[in-house]
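Here's the structure we're looking at; comments come further down.
The values are calculated or read from the model by the stated rules, or taken from the named source; none is laboratory data. Remember, it's a predicted structure, so these values are computed and weren't measured experimentally. Glycine also receives a Cβ, built like all others from the backbone with ideal geometry; neighbour counts cover every protein chain displayed. The area values use the complete protein model at the heavy-atom level, side chains included, leaving out ligands, DNA and RNA. Shrake-Rupley method; radii C 1.70, N 1.55, O 1.52, S 1.80 Å.
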Amino acid sequence: MASSSSAAPSPQSPKKYDVFISFRGEDTRFNFTSHLHEALRRNQIDTYIDYRLERGDGVWLSLEKAIEDSTLFLVIFSENYASSTWCLTELAKILECSKNDQGLLVMPVFYRVDPSYVRKQCGSYHKAFEEHERKSSINKHQLQKWREALTHAANLSGWHCSFDR
């Protein structure tokens, strides 16, 4: 654990990562998220980002393990975050872990998206759920779990990064 991290690990088990970044790659990978990751790395904050996936590993199993091995979660909500079932599944897992371990911290970052759109699933978030509802591979229970996760996360104190900031 990097000593410069402000989040303390839970006393039960030391965590491998200080920070886990959840983000929609096509929206923020090569701009906001890469700059954020680099700033954290420069400050010796051990950060999990999907660049760390090992070739040949099961993607979800690796992500799930990294979530379980993290102390702080930065969830970068962007225009197309909700269109990714991977992002929504990550978010649900993050919130499940934080509910079970009070020492974990979830911090939303609203990157060029209004927090109320995430909270109420309006705009691109509404459109994404309309698309998910059409998929036979996604059941109503899963959709409800994702909706609740978005609402819960959007109600947490975080940062709103608009176009002019």
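Y117 - would you say it is aromatic (F, W, Y), out of contact with any His (no Cβ under 6 Å at 6 or more places or on another chain) and open to solvent by 30 Å² or more (accessible area, probe 1.4 Å)? Considered against the rule, which asks whether it is aromatic (F, W, Y), out of contact with any His (no Cβ under 6 Å at 6 or more places or on another chain) and open to solvent by 30 Å² or more (accessible area, probe 1.4 Å), Y117 comes out as yes.
Residues of the stretch 87-114 being out of contact with any Gly (no Cβ under 7 Å at 6 or more places or on another chain) and either without any contact (Cβ under 8 Å) to a residue 24 or more places away in the chain or open to solvent by 40 Å² or more (accessible area, probe 1.4 Å) (or both), which ones? Residues satisfying the conditions are T89, E96, K99, N100, Q102, L105, R112, D114. Can you find, within the stretch 24-50, the residue that is farthest from the chain's Cα centre (by Cα) among those that are open to solvent by 30 Å² or more (accessible area, probe 1.4 Å) and aromatic (F, W, Y)? So the residue we want is F30.
Counting residues in the stretch 126-148 that are surrounded by fewer than 20 Cβ atoms within 10 Å (Cβ to Cβ) and touching a Lys or Arg at 6+ places or on another chain (Cβ under 6 Å) gives zero. Of all residues in the stretch 62-84, at least one satisfies being modelled with pLDDT under 95, part of a helix (DSSP H, G or I) and in contact with a Leu (Cβ under 7 Å, 6 or more places away or on another chain). Screening the candidates G158, G123 for the property of being out of contact with any helix residue (DSSP H, G or I) (no Cβ under 6 Å at 6 or more places or on another chain) and either under 15 Å from L91 (Cα atoms) or of a type in the set (G, A, S) (or both) yields one hit, G158.
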